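One structure is given here, and the rest of the page talks about it.
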Amino acid sequence: MQKRKTVPDFLSMKAKGEKITVLTAYDAAMASMLAAADVDMLLVGDSLGMVILGYDSTVPVTMDEMIHHSSAVRRGAPQAFILGDMPFGSYQSSSRDAILNGGRFLKEAGCDAVKLEGGLEVCDTVRALVNSGISVMGHIGLTPQTATQLGGYKVQGRDIASAKKMVQEARALEEAGVFSLVLECIPDGLGKIISEEIQIPTIGIGAGVHCDGQVLVTHDLLGMFDKFIPSFVKSYCHLSPTIQDAVADYNNEVRSGLFPDEEHSFSSQSGLRELLGLTEKKKG
Ligand code: KIV
């Protein structure tokens, strides 16, 4: 059985130049497959709001929903390093709330660490979480929980002032104690500079090849979520049409009496009706 990775493992992966793979997982079955495929970290992202729960954004996702799904991911992947994504409203009100909610991910769901969005404004919260023993991954650039304040889902850090601010935020978050930092939807050159400027691993999503690791939403990678596909997503297969074809075949076979056939049925002894003391039913 594989040994569960730890925070120092990820720091030494960066030091050695080994890339880190991260994928989202929301349920036990997928978590088990991703762990078997040797993904370095599983993120129970609040993207589950859109991908799994059918919300229009990540904002409505609750702590209870995150705990429910994170627990399932832990059951499916006992040896994986699992991150719980702190949902909107679970850490902004106070450091105390952040510690209580962050603690729930570790105590109730068995997560190894939490992730939260934001720059300078969350540094005190990060410090409080880390001081209370909760490992934290940061997330800057396009932060979906506050996308409306950023003008929607668009590339961040294109102009010099905002790029400069992002470098400062990365440094401040590292200083506050995050062990890793998601960079979402920023120019690749800025992704490279931030990755060079800090000692902790950067995990890019739409942030270019120079980040220390990459994260994708698994349903995007597998071609299973067609509602909104950002241009930085690469689908390595297209399961949606495959699933729909399989379901259409099932419908046809059930409706035409082809399924279940003998191979998929349990044969019963002959004369069962008589053995049960029932008289023959006349057909028609
Ligand atoms: O919620 C999520 O899935 C995320 C990643 C895409 C970084 O935050």
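The values are calculated or read from the model by the stated rules, or taken from the named source; none is laboratory data. Only a predicted model underlies this, so the values are computations on that prediction, with no experimental measurement involved. Here the Cβ positions follow ideal geometry from the backbone for every residue, glycine too, while neighbour counts run over all protein chains shown. Just so you know, the surface numbers come from the protein's heavy atoms only, side chains and all, with ligands and any DNA or RNA stripped out. Shrake-Rupley method; radii C 1.70, N 1.55, O 1.52, S 1.80 Å.
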| note | Over the range 93-114, the set of residues open to solvent by 60 Å² or more (accessible area, probe 1.4 Å), outside any helix (DSSP H, G or I) and over 25 Å from Val39 (Cα atoms) is Ser93
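Taking the condition farther than 25 Å from Ala147 by Cα, in contact (Cβ under 8 Å) with a residue 12 or more places away in the chain and more than 13 Å from the ligand (Cβ to nearest atom), does Ala36 pass? It would help to see each step written out before you state the result.
Numbers: farther than 25 Å from Ala147 by Cα: yes; in contact (Cβ under 8 Å) with a residue 12 or more places away in the chain: no; more than 13 Å from the ligand (Cβ to nearest atom): yes.
Against the criterion (farther than 25 Å from Ala147 by Cα, in contact (Cβ under 8 Å) with a residue 12 or more places away in the chain and more than 13 Å from the ligand (Cβ to nearest atom)), Ala36 does not qualify.
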| message | Which residue is nearest to the ligand (Cβ to nearest atom), if the candidates are limited to the range 183-208 and must be over 14 Å from Gln156 (Cα atoms) and either in contact (Cβ under 8 Å) with a residue 60 or more places away in the chain or of a type in the set (A, V, I, L, M) (or both)? | response | Ile203
| task | Please state which of the following conditions Cys123 fails to meet, knowing it meets all the rest: (1) outside any helix (DSSP H, G or I); (2) under 23 Å from Leu11 (Cβ atoms). | result | (1)
| Flag for Ile82 being in a helix (DSSP H, G or I), touching a residue at least 24 places away in the same chain (Cβ under 8 Å) and either open to solvent by less than 10 Å² (accessible area, probe 1.4 Å) or in the same structural domain as Met224 (by TED's automatic domain parsing) (or both) | no
| request: List the number of the failed condition for Ser90; all other conditions in (1) small (Gly, Ala, Ser); (2) part of a loop (DSSP other than H, G, I, E, B); (3) open to solvent by 20 Å² or more (accessible area, probe 1.4 Å) hold. | output: (3)
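For (1) farther than 26 Å from Leu83 by Cβ; (2) touching an Asp or Glu at 6+ places or on another chain (Cβ under 7 Å), each residue gets a yes or a no:
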position	(1), (2)
His210	no, yes
Thr218	no, no
Lys234	no, no
Asn252	yes, no
Leu258	yes, no
Glu263	yes, no
Ser267	yes, no
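I'd like to check something: does the range 58-66 contain any residue that is among the aliphatic types (A, V, I, L, M), touching a helix residue (DSSP H, G or I) at 6+ places or on another chain (Cβ under 7 Å), open to solvent by 10 Å² or more (accessible area, probe 1.4 Å) and within 16 Å of the ligand (Cβ to nearest atom)? Outline the logic, then answer.
Restricting attention to the range 58-66, the residues satisfying the condition of being among the aliphatic types (A, V, I, L, M) are 59, 61, 63, 66.
Add one more test, that the residue is touching a helix residue (DSSP H, G or I) at 6+ places or on another chain (Cβ under 7 Å), and what stays is 59, 61, 63.
Right, trim to open to solvent by 10 Å² or more (accessible area, probe 1.4 Å) and you get 59, 63.
Filter again for within 16 Å of the ligand (Cβ to nearest atom), leaving 59, 63.
Yes, the range 58-66 has at least one match.
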| remark: Selection from the range 139-172 of residues open to solvent by 20 Å² or more (accessible area, probe 1.4 Å), in a loop (DSSP other than H, G, I, E, B), of a type in the set (A, V, I, L, M) and within 18 Å of Gly208 (Cβ to Cβ) yields Val155
| query | Among the helices (runs of 4 or more DSSP H) contained in the range 186-257, which hold 3 or more residues that are open to solvent by 40 Å² or more (accessible area, probe 1.4 Å)? | reply | 188-197, 239-256
| query | Are there any pairs with C-beta distances below 9 angstrom linking a residue in the range 137-148 that is assigned by TED's automatic domain parsing to the domain that holds Gly89 to a residue that is among the basic types (Lys, Arg) and surrounded by 21 or more Cβ atoms within 10 Å (Cβ to Cβ), with the two at least 6 apart or on different chains, and if so which? | reply | Met137/Lys115; Gly138/Lys115; His139/Lys115
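Give Ser90, Ser95, Ser32, Ser70 a once-over and let me know the one that is among the polar types (S, T, N, Q), more than 16 Å from the chain's Cα centre (by Cα) and farther than 17 Å from His139 by Cα. Before you say what the answer is, go through the steps one by one.
Working: Ser90 fails: farther than 17 Å from His139 by Cα; Ser32 fails: more than 16 Å from the chain's Cα centre (by Cα); Ser70 fails: more than 16 Å from the chain's Cα centre (by Cα).
None of the others qualify; the one that does is Ser95.
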| message | Please go through the range 39-57 and give me each residue that is without any contact (Cβ under 8 Å) to a residue 40 or more places away in the chain, open to solvent by 20 Å² or more (accessible area, probe 1.4 Å) and within 13 Å of the ligand (Cβ to nearest atom), ordered by number. | response | Ile52, Leu53, Tyr55
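Can you work out which of the residues in the range 8-29 that are surrounded by 21 or more Cβ atoms within 10 Å (Cβ to Cβ) and part of a loop (DSSP other than H, G, I, E, B) is farthest from the chain's Cα centre (by Cα)? Talk me through it step by step, then tell me what you get.
From the range 8-29, those surrounded by 21 or more Cβ atoms within 10 Å (Cβ to Cβ) are 10, 20, 22-26; that's our starting set.
The next check asks that each one be part of a loop (DSSP other than H, G, I, E, B); those that pass are 25-26.
Values: Ala25: 5, Tyr26: 7 Å.
Selected residue: Tyr26.
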| said: Being of a type outside the set (Lys, Arg), outside any loop (DSSP other than H, G, I, E, B) and open to solvent by less than 10 Å² (accessible area, probe 1.4 Å) is the requirement here; does Val182 meet it? | reply: yes
| request: Return a yes/no flag: does the range 22-32 have any residue that is free of Cβ contacts under 8 Å to residues at least 40 places away in the same chain and out of contact with any Gly (no Cβ under 7 Å at 6 or more places or on another chain). | output: no
